[in-house]
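Written below as structure tokens is the structure these notes are about.
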Amino acid sequence: MPFLCSLLAHAAITTGALPPPEATWWPSDLPPRTETPLVETVPQHDARMAWWRESRFGLFIHWGLYAIPGGYWEGRRTGGAEWILNSVKIHPDDYMPLQQQFNPVDFDPMQWVMMAKNAGMKYIVITSKHHDGFCLWPSELTDFDVAGTPFGRDILGELATACRNEGIVLCLYHSIMDWTRPDYLPRRAWDDRPSNDADYQQYVGYMKGQLQELVERYQPAVLWFDGEWEGTWTHEDGQSMYDFVRTIDPAVIVNNRVDTGRTGMAGLTRSGGYRGDFGTPEQEIPATGMPFGVDWETCMTMNRSWGYQSFDVAFKPTKELVRKLVDITSKGGNFLLNVGPDERGRFPEQSIERLAAIGRWMQANDESIHGTFASCFTGLDWGRCTRRNLADQNQRLYLHVFESPTSGVIRLPGLLNDPVERGAFLLANPGAGPLTVEREGADLTIRLPEGMSVEIDTVLVLDIEGPAIVVDAPSIDVAEPIFLESTMLKFSAASDEVEIRYTLDGTTPEFSESSDPGDEPVEIRRSATVMARCFFDGAPVGKVATATLRRVKPLRAVQTLTSRPGLSWAAYLGSFETVAGLDGLEPAAEGVATSIDLSMQPRSENFGIRFTGFLNAPRTGIYRFSLDSDDGSMLSLGSVVVVDNDGLHSALEKSGVIALEKGLHPLRLDYFEGTGQDDLILKWSGPGFELQPLPAEALKR
Ligand code: FHN
């Protein structure tokens, strides 16, 4: 196979390479840690994550006292499910007596485990303690637990046994937030219990004691933390907790909500040494998956509630749930699908029915989910792709056909590998004989069985020679989209077997003299609209890549007679929705800061801060500013808004680029915090230095 052999010589697996095995798996911006068994090489980290990555599909169970009201309170339908104490503003003294009603006589752990197992799920994550503080196991550290109920049985212990007997992995959800524990802060606003002797670090110790109980008694394979966002739980607490539980059990996997680095419901972990072994998108699936090599799991309800609510009958159809599982798997993630059992310990009928229906699809197709990894295509208009490695470096592609094209043919765009002899076949019915596979330039096509209709997802299998090499849009490598005198362009593609052509005037590249070959770096000296495309045997392959490059003049520095170290800051009290809300207010406090942080914040919630002064640019050049905040923020230099990260949002990072003349530039940084987590991190990069916090000498007033 001459064509492919030459390919393999250049095979750069288009899904990105993992760091070399000798790399140490530890947040790279942290000093190496030697005092705990937590330092892992990449192979050791991969070994710890292996079963979790192979599983791909798990059952989330939200169960506790809140199943008793089930969204009703004092005879009224209130909604709120597991949040009912908060949603209905119930005083803990009125909520905690639910403990005397907890008697789930129909609880059958083996039945739960078998429903999960038959659905093709490999692990169960159950709420050991949710935000209401009630413990589903007999804890030595509190009476607000299952031992103090009429039921009295060790729910987690019985479930752990059933899981072990059926080869299902037990994992525990544990809430950091605790609305009833006296030492937890902040109190709910309507909770008038005295808080002056509440000791938050005492609460952290209580949490650690309970986690030690749970890890030593039930050996959960994953600790799924939640409720980290109220501001009292700090990055230091998160680091300490992660180290604590992994020191007790170095094999345990911990999600990123143990720390404070989660970027809201999108779930990715911010850079900066935040702990957590996987990201946790909630009720959403990343549009294109996370960067290759990042572990993540989408958690989602079947209806709209995590906890039980009889009137929530908006259950997603089985077809939608299966396609979510496939979509997530095709992006390299795990799917944690939730059930909220009722007060008797029964799964809702609709959940039972969907788990069984998913199981019927999985029975014929689970090979295309378990043990597979992300697609090699950026987008397929007829469905999704998952894959696994085979012996002798070959790969198996699972082609999930959601919509059968009217042409009766599915196209694998830019797939340069050739199929192994056996061609393609239906996973659910291999005996139906091979399907016709043909090459059309850089694409492969597969003819579907005559009249094939798709009920949920019909999976085809295609084994290919070697690791998948897919040519899509070439990458256009340039330092920044703006430049002063000139900048260098480089182009690259997934394979050397294609040729890159580009234009600088915004016209679509062609395989002719009208477009230049992109095999050498190019110097750009004036603004340009770059378009680049791959060609294979003279035919265009994949999408067109574009980049707009602008030649600019630097923002002039201001001339001031003198300047003193540090920025002026003013703090404001109020509930804001944008930074504009700070305008015209009288400051509650003022001062000087030699670094940009929240050390001067006047309180934990509902405040704003405005920094003003000058930025001292060490030399004329191109500067990039990264502004990471929860909630809103905005950075201006002179009259230019460099980064607009305004609005009510959880942790979010945005960046902007600007050309500056050496010298002083008027700076204004506005920030506000609503409720929950707060964060303000400003970094910059510039001529001769990488992204880093602004040093004191850069801040003047
Ligand atoms: O507040 C919780 C909610 O009750 C539920 O547990 C979800 C599941 O991930 N997590 C939090 C909301 O983001």
On the given criteria, is ILE253 at negative phi and under 22 Å from the mean Cα position of the chain (by Cα)? yes
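Sort through VAL498, VAL522, VAL478, VAL541 and tell me the only one that's touching a strand residue (DSSP E or B) at 6+ places or on another chain (Cβ under 8 Å), open to solvent by 40 Å² or more (accessible area, probe 1.4 Å) and hydrophobic (A, V, I, L, M, F, W, C).
Details: VAL498 fails: open to solvent by 40 Å² or more (accessible area, probe 1.4 Å); VAL522 fails: open to solvent by 40 Å² or more (accessible area, probe 1.4 Å); VAL541 fails: open to solvent by 40 Å² or more (accessible area, probe 1.4 Å).
Unique residue meeting the criteria: VAL478.
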I need a count of the residues in region 168-202 that are away from the ligand (no atom under 16 Å from the Cβ), open to solvent by less than 50 Å² (accessible area, probe 1.4 Å) and out of contact with any Lys or Arg (no Cβ under 6 Å at 6 or more places or on another chain). 9
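Has region 262-270 got any residue that is at pLDDT 95 or above and either within 12 Å of the chain's Cα centre (by Cα) or of a type in the set (A, V, I, L, M, F, W, C) (or both)? Before the answer, list the steps.
Going residue by residue through region 262-270, those that are at pLDDT 95 or above are none.
No - not one qualifying residue is present in region 262-270.
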What do you reckon, is ASP94 more than 16 Å from the ligand (Cβ to nearest atom), part of a helix (DSSP H, G or I), at pLDDT 95 or above and open to solvent by 40 Å² or more (accessible area, probe 1.4 Å)? yes
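Can you confirm whether VAL105 is farther than 23 Å from PRO186 by Cα, in contact with a Gly (Cβ under 8 Å, 6 or more places away or on another chain), away from the ligand (no atom under 16 Å from the Cβ) and modelled with pLDDT of 95 or more?
On the way: farther than 23 Å from PRO186 by Cα: yes; in contact with a Gly (Cβ under 8 Å, 6 or more places away or on another chain): yes; away from the ligand (no atom under 16 Å from the Cβ): yes; modelled with pLDDT of 95 or more: yes.
Spelling it out, VAL105 is indeed farther than 23 Å from PRO186 by Cα, in contact with a Gly (Cβ under 8 Å, 6 or more places away or on another chain), away from the ligand (no atom under 16 Å from the Cβ) and modelled with pLDDT of 95 or more.
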Any hit, region 68-77, residues being within 16 Å of the ligand (Cβ to nearest atom), buried (at least 22 other Cβ atoms within 10 Å of the Cβ) and free of Cβ contacts under 8 Å to residues at least 40 places away in the same chain: yes
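Matching residues to (1) over 31 Å from the mean Cα position of the chain (by Cα); (2) assigned to a loop (DSSP other than H, G, I, E, B):
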residue	(1), (2)
PHE151	yes, yes
ASP178	no, yes
GLY205	no, no
GLN210	no, no
GLU236	no, no
TYR242	no, no
Given the structure, is LYS129 assigned by TED's automatic domain parsing to the domain that holds ARG246, closer than 30 Å to ARG181 by Cα and among the basic types (Lys, Arg)? yes
Sort out which residues of region 597-652 are surrounded by 19 or more Cβ atoms within 10 Å (Cβ to Cβ) and acidic (Asp, Glu), and write them in order of number. ASP628, ASP630, ASP631, ASP646
Of everything in region 272-287, what is more than 16 Å from the ligand (Cβ to nearest atom), farther than 16 Å from THR329 by Cβ and open to solvent by 20 Å² or more (accessible area, probe 1.4 Å)? Give them in sequence order. GLY272, TYR274
Whether any residue in region 331-338 is within 13 Å of the ligand (Cβ to nearest atom) and in contact with an Asp or Glu (Cβ under 6 Å, 6 or more places away or on another chain) is what I want to check. yes
Filter region 573-596 down to the residues that are touching a residue at least 40 places away in the same chain (Cβ under 8 Å) and part of a strand (DSSP E or B), then identify the one that is surrounded by the most Cβ atoms within 10 Å (Cβ to Cβ). ALA593
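One residue is enough: does region 399-410 have a residue meeting the conditions aromatic (Phe, Trp, Tyr), outside the structural domain of PHE536 (by TED's automatic domain parsing), touching a residue at least 60 places away in the same chain (Cβ under 8 Å) and part of a loop (DSSP other than H, G, I, E, B)?
Yes, region 399-410 contains at least one residue that is aromatic (Phe, Trp, Tyr), outside the structural domain of PHE536 (by TED's automatic domain parsing), touching a residue at least 60 places away in the same chain (Cβ under 8 Å) and part of a loop (DSSP other than H, G, I, E, B).
Looking only at region 295-330, how many residues end up being under 22 Å from the mean Cα position of the chain (by Cα) and within 16 Å of the ligand (Cβ to nearest atom)?
So in region 295-330, the residues under 22 Å from the mean Cα position of the chain (by Cα) come out as 295-306, 320-330.
Checking the rest, the ones that are also within 16 Å of the ligand (Cβ to nearest atom) come to 296-306, 324, 328.
Summing the residues that are under 22 Å from the mean Cα position of the chain (by Cα) and within 16 Å of the ligand (Cβ to nearest atom) in region 295-330 gives 13.
Do any strands (runs of 3 or more DSSP E) entirely within region 288-393 hold 2 or more residues that are open to solvent by 10 Å² or more (accessible area, probe 1.4 Å), and if so, which?
Details: elements: 297-301, 334-339, 383-389.
Output list reads 383-389.
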Could you please tell me which pairs satisfy a Cβ distance under 7 Å, a separation of 6+ or placement on different chains, a first residue in region 673-701 that is under 25 Å from LEU573 (Cβ atoms) and assigned to a strand (DSSP E or B), and a second residue that is open to solvent by less than 50 Å² (accessible area, probe 1.4 Å) and of a type in the set (Phe, Trp, Tyr)? GLU673/PHE607; LEU680/TYR671; LEU682/PHE625
For region 229-253, which residues satisfy the criterion of being open to solvent by less than 10 Å² (accessible area, probe 1.4 Å) and within 15 Å of the ligand (Cβ to nearest atom)? TRP233
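Restricted to region 262-271, and to residues that are part of a loop (DSSP other than H, G, I, E, B) and within 15 Å of the ligand (Cβ to nearest atom), which residue is nearest to GLU40 (Cα to Cα)?
Start the filter on region 262-271 by keeping residues that are part of a loop (DSSP other than H, G, I, E, B), which leaves 263, 267-268, 270-271.
This time we only want the ones that are within 15 Å of the ligand (Cβ to nearest atom), so: 263, 267-268.
Values: THR263: 25, GLY267: 23, LEU268: 21 Å.
Selected residue: LEU268.
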Mind counting the residues in region 545-559 that are modelled with pLDDT of 95 or more, in a loop (DSSP other than H, G, I, E, B) and of a type outside the set (Gly, Ala, Ser)? 4
Being in a helix (DSSP H, G or I) and either open to solvent by less than 60 Å² (accessible area, probe 1.4 Å) or of a type in the set (Ser, Thr, Tyr) (or both) is the filter here; which residues of region 97-113 pass it? LEU98, GLN99, PRO109, TRP112, VAL113
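The values are calculated or read from the model by the stated rules, or taken from the named source; none is laboratory data. This is a predicted model, so every value here is computed, not measured. Every residue, glycine among them, receives a Cβ derived from its backbone with ideal geometry; neighbour counts consider all protein chains shown. Protein only, heavy atoms only, side chains kept; ligands, DNA and RNA dropped before computing areas. Shrake-Rupley method; radii C 1.70, N 1.55, O 1.52, S 1.80 Å.
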